[in-house]
Amino acid sequence: MKMHMSHSKVPRLCVAFFLVILLNACAKGSSTEEDSGVVNDTDPSCLFGGCDAGLNEQCAAYLDKAACDQDFQCSWCPSELSCGGAGSSCASCDALTGGACDSAPGCQFCGRDSACGNIDAANCVCSSATSDSACTGACDWCSTAQICVDSGASCDLSGENCKKATSVLDCEAGANDCVWCGASDACFAAGTTCGSPRKVFISSVAYTGNMGGLSGADGLCQTLAGNAGLSGTYKAWLSAPNNSVASRFNTSEMTYQLVDGTKIAIGWSELISGKLRSAIDTDENNNTSLSVSSASCDGKVSAWTGTDATGQSFSSSLSCNGWTSTGSESAVLGEATATSSAWTVSCTLTNSPCSRQARIYCIEQAD
C-alpha cells in the first residue's frame, strides 16, 4: 500500500527540523563563548551582548569613536565620550538641560541654539556664525564689525577681532582699537607693525626625509622660489627637536597668501590658530594640479612638517631624525587640501616612511 503524506505537513516538518538545528547550534556557540570569552560573530543569539556578559567592558576599552565604530558590537555615545555595547542606553546632548548638560563630558551649552549640544559642534560658538541669519539664539550680530558675539558683548573691534574687518571703513569705525594695513590689505590691532604680505606655497617637487637638515630644506624652498621668479627669503615649514618653526620664523603680524594673492592667514596668530582661510594647495608656479607622492596621508597630497598646529616641534623620531635620515624613523605630515589643523598635522607615518617622498611647505620671511 502506498502512503500519501499531506503536502501541508512537509513544510511544517522542515521548519521544525530547521529550528531544532538552529537551537542546537546556538547552544553550542554559547557554551564555547562562555568558556573562551570570545563572541561568536555568526551566532544571531550573541549579537548586542546576548551571550557575552563582558561586552560592555570590552567596548569600554575603545577610547575614541573611530576605534569603537570598527567593532560592530559596540556603539559610541557622544554625550559621554565613551564606548559601550551596541543597544546600551545613551542620552543625546539635545535631550539634556541645565546641570545634566554641564555634567555630561561630551556636551556643552550652545549659545547659537540656546540648547545643549555636542561639545565638538563648531556652531555652538557665537563667533562661528558668519552672517546675521546664522547668528541665532543667545547671540547678537554686530553689523559694523560683521561679527557674531555673545548677547550683551561689545560690538567694538579690538585685538584678534580686528582681523574680521574686511574694509578700512569697518576697521577704523567708531572706538575700534584697530588700524588698516594697506600693504597687507587687512585690519590689525592698533600698534601692529604694518608689513607687506608674505607668499606661501607647497613645493612642486617631492623629497625624501633626508633634506640635509632644516638649513638644507630652507635652501630647497629658496631655490624653488627663485626659479619661479618669486622674490624674498623663504624657509621650509619644518621643525626638528629643540628647533621649532615658531623659533625659526619671523612671527610678525602680516598677511600670508598664496602666490596668486589668496589669503591664507592674517597674522602669525591666525596662521597657528588651527584654522586657515584657504588651503596651501598651490605650488610656487601657481599650479594646483598636484600629484600624490609616495609618502601621504590617506592618499592625499601631503607635506612633511614635523610640526604641530601651534608651530612647535615633535620628537626626533617624528621628524626623520631632524630631516637628515631615510631610515626607520616615523614622521608627521600635513594635508595640503586641509584648512583645519590637519594642514600641518594630519597623520604620522611609520614603517620607514623617511625613504619615501613628500612635498614641503615654503613660507616667505619678513625683512
request  = Kindly put TRP304, TRP76 in sequence by how many other C-beta atoms sit within 10 Å of each C-beta, fewest to most.
outcome  = TRP76, TRP304
inquiry  = With the cut-off at 1.5 for a/c, could you classify the stretch 179-235 from its C-alpha gyration tensor as rounded, prolate or oblate?
reply    = prolate
inquiry  = Order these by the 10 Å Cβ neighbour count, fewest first: THR282, THR307, THR262.
reply    = THR262, THR282, THR307
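With a 10 Å Cβ neighbour count serving as the proxy for reagent exposure, in which order, fewest first, do MET254, MET211 appear?
Arranged by neighbour count, lowest to highest, MET254, MET211 become MET211, MET254.
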ask   = Per q in 0.11, 0.19 1/Å, what log10 I(q)/I(0) does a Debye calculation on the alpha-carbon atoms of the stretch 143-242 return?
value = -0.55, -0.85
note = Note on the stretch 205-285: C-alpha Rg/Rh, Kirkwood Rh, two decimals, gives 0.95
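Can you give me the Kirkwood hydrodynamic radius for the stretch 222-367, using every pair of distinct Cα atoms, in Å to one decimal?
Working: mean 1/r = 0.0657 Å⁻¹.
Here the Kirkwood hydrodynamic radius works out to 15.2 Å.
Throughout, read-outs are computed from the coordinates displayed, never taken from laboratory work. Quick caveat, the model's predicted, so the values are computed rather than measured. All Cβ positions, glycine included, derive from the backbone under ideal geometry; neighbour counts span all protein chains shown.
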